[in-house]
1. Name the most mobile residue of A:G107, A:G35, A:G201, meaning the one with the largest mean-square fluctuation, in a Gaussian network model of chain A with Cα contacts below 10 Å.
2. So what is the diffusion coefficient of the stretch A:196-323 in µm² per second by Stokes-Einstein at 37 °C and 0.692 mPa s, using a Kirkwood Rh over Cα pairs?
3. Evaluate the relative contact order of the stretch A:3-182 (contact order divided by residue number), counting alpha-carbon pairs under 8 angstrom at least 6 apart; express in whole percent.
4. Using Cα atoms only, what is the angle between the long axis of helix A:151-163 and the major principal axis of chain A, expressed in degrees (0 to 90) to the nearest 10?
5. FRET efficiency for B:E216 and B:S315, Cβ-Cβ distance as r, R0 = 56 Å, nearest 0.05?
6. Between A:H97, B:G163, B:T49, whose Cα lies farthest towards the positive end of the dipole of the protein assembly as shown when Lys and Arg beta carbons carry +1 and Asp and Glu beta carbons carry -1, centred on the Cα centre?
7. Quick one: angle between helix A:244-254 and the longest Cα principal axis of chain A, in degrees between 0 and 90, rounded to 10, please.
8. HN-Hα J couplings of the stretch B:23-29 from phi, Karplus 6.51/-1.76/1.60, θ = phi - 60°, integer Hz, Gly and Pro as x?
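FYI, it's all coordinate maths here, none of it is from the lab. Because the structure is a prediction, the values reported are computed rather than measured. Heads up, the Cβs are rebuilt from the backbone with ideal geometry, glycines too, and the neighbour counts pull from every protein chain shown.
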Amino acid sequence: MPEKTYREALREAMKEEMERDDSVLLMGEDIGLYGGTQLVTDGLLDIFGPKRVVDTPISEYGFTGAAVGMAMMGLRPVIEMMTWNFSFLAVDQIINHAPKVRYFSGGQVEVPLVIRGPNGGSVQLSAQHTHSLESFYGHFPGLKVVAPVTPHDVKGMMITAIRDPNPVVFLEAGALYGTKGEVPDGDYEVPFGRARVVREGDDVTMISYGRQVNLLERVADKLQEEDDVKAEVIDLRSLRPFDEETIIESIKKTHRAVVVQEQWRWFGVASEVAAIIQDKAFDYLDAPVARVSGAEVPAPYARNLELAAFPNEDMVADAARQALYLEV
Amino acid sequence: MPKMGDAMEEGTLVKWLVSEGDEVEEGDPIAEIETDKASMEIEAEDSGTLHEFIAAEGQDVPVGEAIAMILGEGEEPPEGDSGGEPEAEEAGASEEGGAEAQDQTATEEEEEASEDEGTEEEPSNGVQVGEGQAGGTDGQVRASPIVRRLAGENNLDLTRIEGSGPQGRIVERDVRAAMESGEAPVTDGQVEQEEVEETEEGAPEEAPQAIWQPPELPEPTRTPGTEVQAPSQMQQIIGERMTQAKQQIPHFYATVEVKMDEVIALRKQLNEKLAEQEIKLSINDFVMKACASALKDFPKLNALYTNEGIELHESVDMAMAVALEEGLITPIIRDIANKGLSAISQQSKDLAARARDMDLAPDEYQGGTITISNMGMFGVESFSAIINPPQATIVAVSSIMKRPTYNEDDELIPANFMKLTLSADHRITNGAEGAHYMAQVKRLLENPMLLLV
């Protein structure tokens, strides 16, 4: 299977869907002539022209609203937030219009809209440009929220997102555009609402999504090496809809869970996962469900502080050891 | 509260030997405590000012709980210090002490403290910290959910397994080790009791099965045309309770045949009068009233079998079995002996209807003192019911059957008969008493005007 970067896989999904379906178009700031600040849409203007690859003014509220209207009228816009932090400017469109129209119209009007862009921390983008918005957008019925981490999944889930008749919040791993992985050529969908078991293990279940999944893989190696612990790693991929079954099955096997998120702990995805586990697998637990989250401060700029503010290998490994009642 | 012996779970703080505000040296005796085996003095584990007593004299304190707070020199009491609650703030303060912690807001401190909950065993300042949500010491065994599950499935006595988790929590590895070494002692019934209680509070469905089912059940035959169904949760609970009742309660039975023509006539007469009020008495209303009224002279049949003896109840709280698709439930008519037929009728209809809609509050179906089970509507000639523990008595009501009989002049006449079968707990009462009771029920039903006075 060919190796491609996360960026290439994403671009390939959009390009192939645009070739397949004339109603698919792209909009966003600097996505055409400049090719996108992350170069995700690089080259697509040359192929599809300015009617289908639209450079917009710096007005998130305006172009998101336009995209909602286009989607209501039958087009399938895929719009780029230069970073998800800028989506705050368009939040009324994203929360109050896109997911409500189908409901208000009794199902008569669909909004097949994809909003995509880099999410979460990267390298020293500081407080205003570092947010993980999955629990924020995941809160609202009517929105679908996904956060793929592998090049394989980002392509397959983008294809699924474009074909979905509902608004999809597509959270890309901002720090991982250059990472490589096996990506099939051509058309394939990765369905929403199904988690991925990244590796199997019997001793503790470690759960995350987005770029933290890579962290979990490193921690799993570390636990295997230092403690002879076999950790199961689960990538949620899709936060709404959510795959409870995979998690519960895993807990029934391992009896312990560590949930990791880059975002802050309060009201975060990890809290929801912990609640689901205690609800559905209480009798299988051997230890409280551990959560590892970002530090409760606006994201720091200084590199050393930034590193300390995000979950790291030691924090996650120690949480797993505590769940296993091992010496920390 | 230090652990003074392997079996010690709590100690009584008999007397404080110092006062709040006193300076204490490490090793000074500060309090006298008593366990079920011995009494002794506790020594201060650190020097400083005795800031506050957390346990009062005479109080039972679980092992590992804080009894007092000693502050080192220059140490401030933790913010939000709230006397009797030794947990979160202290953990935060003692663990996070130092410049960093002082910069934090109160909210952040609390949060970090709760992160520590259940994972820290001992803070550094020598004062033992109470457990957080992890434990919950109420004199019961501290064990994780999977441990309780394994104990139930394998008949283990958790009180005899040493816990290696925080505050002695029994965790999965402890149970596995005990099982492997063959040291896992078989329960003597305590765990069973605990599991039953949990079931009633809604534990997951698989849990109870292992306790009351025999260790080996036959495999399904899996022949064509068969289907294996899991019993509903309600059916599992019924199965468990009925198994327990049939295995543990020595039942005896007594059947009487009651001539019901008087009741039928009186019912017809009353219902004509009550039609305006839209009240329609049923035969069962008369039967329940008769069973309740008859209890007046037989208090032992209106009783519960408890661990302290036979608890006699003045009020008759009658549970009536209502069949549901998922199983059955027994809503209760309280103090039924002092209620009139129309009140009983209205209440029993309401309870039965809401039972079928699964709309009963727990206090409407828990805590009866006697049960009536009526299968009259199904054309049943007679049947015996299983006692509904811890009650002493259940009365099975069968159908009214019309058949020939002799009158006082030995002439053949048609009459309506119904069989009532008593099941009673032989630990509480005996056959003669049961027979007298049933005779009284029969007398009341054959002279139903007595039910109106």
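1. A:G107
2. D, rounded to a whole number, is 227 µm²/s.
3. Reported relative contact order: 27 percent.
4. 50
5. On the way: r = 45 Å, r/R0 = 0.80.
The pair B:E216/B:S315 has a calculated efficiency of 0.80.
6. A:H97
7. The helix A:244-254 is inclined about 20 degrees to chain A.
8. Per-residue couplings from phi come out as 7, 10, 9, 3, x, 5, x Hz.
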